[in-house]
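Below: one structure, written as structure tokens.
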Amino acid sequence: MQAIVKTRRAPGGDLLTVPEPAPADDEVLVAVRAASVCGTDLHIWEWNEWAQNRIKRLPMILGHELSGEVVKLGARVKSLAVGDHVSAETHIADGTCYQCRTGKMHICENVQVLGVDRDGVFAEYVVLPEVNAWRNDPKLDPSLASIQEPLGNAVHCLLPEENIEDLAGKNVLITGCGPIGLLAIVVAKTFGAANVIATEVNHVRFDLARKMGADLVLNPQVEGAGLVQRIRDVTEGHGVDVATEMSGHPSSLPLVFEALRPGGRVSLLGLFDGPVSLNFDDAIITRAARVHGIFGRRMFDTWYTVKGLLTNPGFREKMGQIITHRVPIPEVGRAMELIQSGEAAKVSLSAKW
């Protein structure tokens, strides 16, 4: 089969012919119909400091966001059938560690992530454990089905724990309007947030943030030192109740805490290229801030929430607007260039080989 493979510890990737994978007894073989490019994929493609420290195995097929069709079943697979339309929960858990046994599979002690620790989905076929293949409504647009995983990240950021207080009537800050940040705007408004404030420097994503329903979009480069005050002005001087950091930019880390009301909560999702610093006394301790590190989605609570959101035609319409470009998988290098240049928000990859 054809696949995009990371073959060397350097920028880029290669279109190669590789063996077609065979499913184990508890796995399914999925024909990839659509995929999409994630910020993690870009980090690995660019081979930045994070990727250099994180990636242990090469060569490796890249990519983890997909929708596809089940074409072969392992001998013990019971819950899926050939022809099912599925997406992937990309965190492959061992099912036996303490985290898995206590309901936290997404942070399994031995987790493997598609396209990071094991072969990914920028290929004609991929194997998935049965439990990781999420069955989709066959009528769902494959390009939308492929971005349920980042939508799940957005949901997890805003609702990081079971029984956490809801968003209705709350002031929410989202720093960084990449695809997950844009999706988070729609999720926050859908769940009743009173004010959603977003920050973004890229003009394409800035405009999309408005279309997604943000009540106020601010450019940190324009606002400068007055950025926090602008946020406080629209929150009656209190600061935001919920802040989500999605940019991975070092300047955004102190911002989410400076803009937070005392006792508010912060979710940190963006990956920083290297170590960052923060004044814990002012940012967290004396502010009594609640801080959540976000890795993946709650398995599988978040997926059921996503499924519910996707029954809303208006939600699907907004979700589709963040896909600004469509590129065949073999031309993933062009997709990366579109993202690097700032022209693209989310790039959908079609399985045209």
Only one of (1) surrounded by fewer than 19 Cβ atoms within 10 Å (Cβ to Cβ); (2) touching a helix residue (DSSP H, G or I) at 6+ places or on another chain (Cβ under 8 Å); (3) of a type outside the set (A, V, I, L, M); (4) part of a strand (DSSP E or B) is not met by LYS72, so which one is it? (2)
Would you pick out the residues in the range 160-193 that are of a type in the set (A, V, I, L, M) and at pLDDT below 95? ILE164
Only one of ALA288, ALA283 is aliphatic (A, V, I, L, M), surrounded by fewer than 16 Cβ atoms within 10 Å (Cβ to Cβ) and touching a residue at least 24 places away in the same chain (Cβ under 8 Å). Can you tell me which? ALA288
Residues satisfying the stated conditions in the range 36-68, i.e. in contact with a helix residue (DSSP H, G or I) (Cβ under 9 Å, 6 or more places away or on another chain), surrounded by fewer than 19 Cβ atoms within 10 Å (Cβ to Cβ), outside any helix (DSSP H, G or I) and at pLDDT 95 or above: ILE55
Return yes when PRO254 is over 18 Å from ARG290 (Cβ atoms) and either out of contact with any helix residue (DSSP H, G or I) (no Cβ under 8 Å at 6 or more places or on another chain) or not in a loop (DSSP other than H, G, I, E, B) (or both) and no when it is not. no
Could you tell me whether the range 168-175 includes any residue that is touching a residue at least 60 places away in the same chain (Cβ under 8 Å) and under 15 Å from the mean Cα position of the chain (by Cα)? yes
Out of the residues in the range 298-337 that are assigned to a loop (DSSP other than H, G, I, E, B) and either of a type in the set (Ser, Thr, Tyr) or in contact with a Leu (Cβ under 9 Å, 6 or more places away or on another chain) (or both), which is farthest from ASP141 (Cα to Cα)? ARG298
Matching option when the condition is modelled with pLDDT of 95 or more, in contact with a strand residue (DSSP E or B) (Cβ under 7 Å, 6 or more places away or on another chain) and part of a loop (DSSP other than H, G, I, E, B), among VAL127, VAL121, VAL196: VAL121
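The values are calculated or read from the model by the stated rules, or taken from the named source; none is laboratory data. Not measured: the values here are computed from a predicted model. Quick reminder, even Gly has a Cβ in these numbers, built from the backbone with ideal geometry, and neighbours come from all protein chains shown.
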